[in-house]
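Notes for the one structure printed next.
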Amino acid sequence: FPSHDKVGLVVGYEDGLGRLSGVVGSVTVSWNGREFGISGFTDDERRRIKELYPLGAAIRFKYVSLTDDGVPREARFMR
């Protein structure tokens, strides 16, 4: 599948569940008038995510396509 990449702003964090309990599971990003979660971080990044990507920081992500509502499908953090 082709992928696209864009830059959004960090607006929040979601706690991890299960194996990721105690660290950040995903980052909430604002892009193009939409907010959605992005995952794909390493365990080390998850432990330090608020330091590495504080609220308001720009973050690059990739996605496969957009939903009918304009939300990126399969949005993942880009290294």
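The values are calculated or read from the model by the stated rules, or taken from the named source; none is laboratory data. What you see is a predicted model, and the numbers here were worked out from it, not measured in a lab. Ideal geometry is used to build each Cβ from the backbone, glycine not excepted, and the neighbour counts take in all protein chains shown. What goes into the accessible areas is simple: the full protein's heavy atoms, side chains included, and nothing from ligands, DNA or RNA. Shrake-Rupley method; radii C 1.70, N 1.55, O 1.52, S 1.80 Å.
The table that follows gives values for the structure above.
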| quantity | calculated |
| --- | --- |
| Considering residues of the range 59-79 that are in a strand (DSSP E or B) and of a type in the set (D, E, K, R) only, the residue least open to solvent (accessible area, probe 1.4 Å) | Lys62 |
| Residue check, Gly56 over 12 Å from the mean Cα position of the chain (by Cα), loosely packed, with under 14 Cβ neighbours inside 10 Å and closer than 11 Å to Val11 by Cβ | yes |
| Residue tally, condition in a strand (DSSP E or B), of a type in the set (A, V, I, L, M) and surrounded by fewer than 18 Cβ atoms within 10 Å (Cβ to Cβ), over the range 1-53 | 3 |
